[in-house]
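The values are calculated or read from the model by the stated rules, or taken from the named source; none is laboratory data. Since the structure is predicted, the reported quantities are computational estimates derived from the model, not experimental observations. For neighbour counting, all protein chains shown are included, and Cβ atoms are generated from backbone atoms with ideal geometry for every residue, glycine included. Accessible surface is based on the protein model in full, side chains and every heavy atom, while ligands, DNA and RNA are left aside. Shrake-Rupley method; radii C 1.70, N 1.55, O 1.52, S 1.80 Å.
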Amino acid sequence: INGNFTVMGLPQGMNFALKITKPGFLPVYSATFNWFSDITALLPFGLFPDKQFAAWNIDPATKGMILGRVSQANNPTGGYLAGATVTAVNFTTRAPYPVTYTNPGNTTATDGFFYVKDVPGEATVELTVSMPGWTFFFPTTWVTVHAGGVSEQSFFGMMPPVSYAG
């Protein structure tokens, strides 16, 4: 009813990704996980109506997209960060992909969202995040994009502790 699920019994150190499907919506692919111990993830996955690609002029037969969010590490489902910059490049060719934000500027808005649209299916995209005054656990990551689907990748940051000289 609430969409929660649990995956159990995976061997430690196994790489895997989740594919979430629902009739009438685009398939969503998670980032790749590698469990070395039990971890609880409470992050929501966004679902887009299957007509969304037409609205964005994306050909689902050959292209996909990345949806991401930048948030605070200690509040990943509510502490979204405005002012972060994300870059996206093709891992093989190093060609840049444009990053779109929900505000008209070149950084994340208060919802923390960013999008990389119209990416060729099966391309690997290197994403890097930065924001003045913030440190990110994994500031660079790689995402495989699937034709006709949405790949998700979030970044989690924290402010470095303040140190006083004296």
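Per the 1.4 Å probe, what fraction of the accessible area of region 90-166, in percent, lies on carbon and sulfur atoms?
That fraction is 62 percent.
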* To do: Among (i) 9, 27, 31, 26, 7, 0; (ii) 10, 35, 37, 14, 3, 1, 0; (iii) 11, 32, 32, 22, 3, 0, find the value of P(r) over Cα pairs in 10 Å bins from 0, in percent that was calculated from the structure presented, and write down its label.
  => (ii)
* To do: Kindly provide the helix-only [θ] at 222 nm of the chain, computed as the sum of -39,500 (n - 2.57) over DSSP H runs of four or more divided by all residues, to the nearest 500 deg cm²/dmol?
  => -500 deg cm²/dmol
* Enter the accessible area per residue of region 1-156 (Å², integer; probe 1.4 Å; all protein chains in place). => 57 Å²
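Add +1 for every Lys or Arg and -1 for every Asp or Glu among the other residues with Cβ under 10 Å from the Cβ of TYR80, and state the total.
Net charge around TYR80: 0.
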* Structure fact -> The summed charge of the ALA95 Cβ neighbourhood (under 14 Å; Lys/Arg +1, Asp/Glu -1) stands at -1
